[in-house]
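One structure is given below, encoded as structure tokens.
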Amino acid sequence: MKTRVYNSIHLMIAAAFLLSIGLSGCGSQKGATNVAKEEEERITFYCDGPEYRTDKKAFRANALGESNDQMVARKKAMNNAKEALAGQIETVIKGTTDNYVNSREFNNVEEVEERFESLNREVINQQLNNVKTICQEHTRTNKGTYRTYVAIEMSVDAMEEAIQDRLSRDKQLKIDYDYEKYKETFENEMEKLENQ
């Protein structure tokens, strides 16, 4: 009987010990949370959010530029946004080209892929001149520098038309080029990008 009492006492002591460790752990986490709140500050990033992301209708990109000169900040933001937009478009076009070429029966697959990629690069570079600014915000930091936040977009339809026009003018590709199949492949790639 004494053994049962001792076992019960040991069990209660162990439970009390574990409970005290658990409670002290909760207290220290609360302190850590307060410290983190004091060390962090929420930053506002303008021209950002779901309405500034690529969807089936438009490629979109946003960026930030900072400089001591307001015009330089604006140029940096626009260049950064165009670079991001070009990267997105290139990814979609590369996926489209790879999937399209692999689904078709071409004599020289490598040559066809190279020609598609070359034509698509030309179209992308040409179309980057036709981007539309959909958001632009200017701020001045407490250090005296200027920041420009910008979001741009390019119509997916305009890109498709430009690619279709350029591909249909290439005599070698025109023979085997199937616009409907290419468009279907392109739309599948856009769906993947939108769902990311």
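The values are calculated or read from the model by the stated rules, or taken from the named source; none is laboratory data. These numbers come from a predicted model, not from an experiment. Here the Cβ positions follow ideal geometry from the backbone for every residue, glycine too, while neighbour counts run over all protein chains shown.
Annotations
- Criterion applied to Leu85, Leu119, Leu64 was being assigned to a strand (DSSP E or B) and surrounded by 16 or more Cβ atoms within 10 Å (Cβ to Cβ), and the one residue passing it is Leu64.
- Identity of the residue in the stretch 154-169, surrounded by 14 or more Cβ atoms within 10 Å (Cβ to Cβ) and closer than 20 Å to Ser103 by Cα, that ends up farthest from the chain's Cα centre (by Cα): Leu167
- Looking at Thr139, Thr185, Thr133, Thr97, just one residue is under 26 Å from the mean Cα position of the chain (by Cα), farther than 14 Å from Ala61 by Cα and not in a helix (DSSP H, G or I), and that residue is Thr139.
- Of the residues examined, Lys94 is not one that is in contact with a strand residue (DSSP E or B) (Cβ under 8 Å, 6 or more places away or on another chain) and either surrounded by fewer than 19 Cβ atoms within 10 Å (Cβ to Cβ) or farther than 18 Å from Thr133 by Cβ (or both).
- Qualifying position, being modelled with pLDDT under 85, in contact with a helix residue (DSSP H, G or I) (Cβ under 8 Å, 6 or more places away or on another chain) and at negative phi, among Glu105, Glu113, Glu66, Glu39: Glu113
- Among the residues of the stretch 103-126, none qualifies, meaning not one is in contact (Cβ under 8 Å) with a residue 12 or more places away in the chain and closer than 14 Å to Thr54 by Cα.
- Pair list, Cβ under 7 Å, 6 or more apart: the stretch 158-170 residue in the same structural domain as Asn120 (by TED's automatic domain parsing), other residue surrounded by fewer than 18 Cβ atoms within 10 Å (Cβ to Cβ) and not in a helix (DSSP H, G or I): Leu167/Tyr177; Ser168/Tyr177
- For the stretch 142-153, a tally of residues being over 19 Å from Arg74 (Cβ atoms) and crowded, with 22+ Cβ neighbours inside 10 Å returns 0.
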